[in-house]
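Laboratory data are not the source of any read-out in this text; all were calculated from the coordinates shown. For clarity, every value in this text was computed on a predicted model and none was experimentally measured. Glycine also receives a Cβ, built like all others from the backbone with ideal geometry; neighbour counts cover every protein chain displayed.
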């Protein structure tokens, strides 16, 4: 027995005071309604309704069941309608996740501009450098810097995040500027280790149009990008750094981008979410907003980050 169905039809009969009217409201035949009520009576072992050709009335047991079940069913209907209507509303909360650097440099400007259009939408941002399970963590939209998040997710590349080889002016003044990869290997360099595995990440160089991975002997390694950038600023060594994270340093002259022929565009900024269907309107609006903001190379960073990715004189901006 489908308890929810037969109980719903019974409550409908009592409210309408008619099998025929209850059938119309439920979109079934009067015979189906009558059968459902009989099934419920058989299950409970009591008569719920007195039926005559001209009158319909509740028994004592029927009145008791209606009194107990009707408020709960109305609450259930209200809960379902609230969830259903949330797909049509612009209000509500969006839960986002991103690495710390992306959250600061990309999400904060995005949220600020988005809320100017939709002030009723609030945000809960989970900043983590670890990959977050969207379903388990109840995340609406995630952002990652790197390669595509993988299968079982809807992923969209928003823009390239070029990797630039950078050094401080003081370091270059003391040690000179390498002119090629062989000279680079003779310089002090920094390196990055993945926070979870501790594995050293090789540098990615574009050589003659091909992506080449280079194991650079590092004088200092880090598992935090911001700390590595600070080390390069301080002149510890030359580092390969993500352009969107050092654009302000390049503009201010705190860092200098060198060896432009080796720049890599293998890394991108990705937005991802669990599925395309049954998506609340607020989530769809935010996704569309981000896509519009990212049109054109670097526009997401240029338009929302406050500054552009600056290249040295004579060098094309990525």
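Under the rule a/c < 1.5 gives rounded, and otherwise a/b versus b/c splits prolate from oblate, where does the stretch 163-262 land using the Cα gyration tensor?
Rounded.
Return the whole-Å distance between the Cα centroid of the stretch 210-237 and the Cα centroid of the stretch 27-54.
A separation of 76 Å, based on Cα centres.
Once you sort the root eigenvalues of the Cα gyration tensor of the stretch 108-233 as a ≥ b ≥ c, which label holds: rounded (a/c under 1.5), prolate (a/b larger than b/c) or oblate (the other case)?
prolate
Calculated FRET efficiency, residue 284 and residue 108, Cβ-Cβ r, R0 30 Å, to nearest 0.05?
The computed FRET efficiency comes out at 0.90.
Find how many whole Å separate the alpha carbon centroid of the stretch 1-24 from the alpha carbon centroid of the stretch 138-177.
60 Å
Quick one, what does Rg over Rh come out to for the stretch 116-187 if you take C-alpha atoms and the Kirkwood Rh?
Taking Rh as the inverse mean 1/r over Cα pairs, Rg/Rh reads 1.19.
With r as the distance between the Cβ atoms of residue 291 and residue 193 and R0 = 35 Å, compute the FRET efficiency 1/(1 + (r/R0)^6) and round to 0.05.
Working from the Cβ atoms, E equals 0.60.
Compute log10 of I(q)/I(0) for the stretch 3-86 with the Debye formula, placing one identical point scatterer on every Cα and leaving out solvent, at q = 0.13, 0.21, 0.26 Å⁻¹, to two decimals.
Calculated log10 I(q)/I(0) at the listed q: -0.41, -0.99, -1.38.
Cα gyration tensor of the stretch 189-248, axes a ≥ b ≥ c as square roots of the eigenvalues: rounded (a/c below 1.5), prolate (a/b > b/c) or oblate?
oblate
Quick check on the stretch 163-262: of the DSSP beta bridges with both residues there, what percent are antiparallel, nearest 5%?
Here the antiparallel bridges make up roughly 80 percent for the stretch 163-262.
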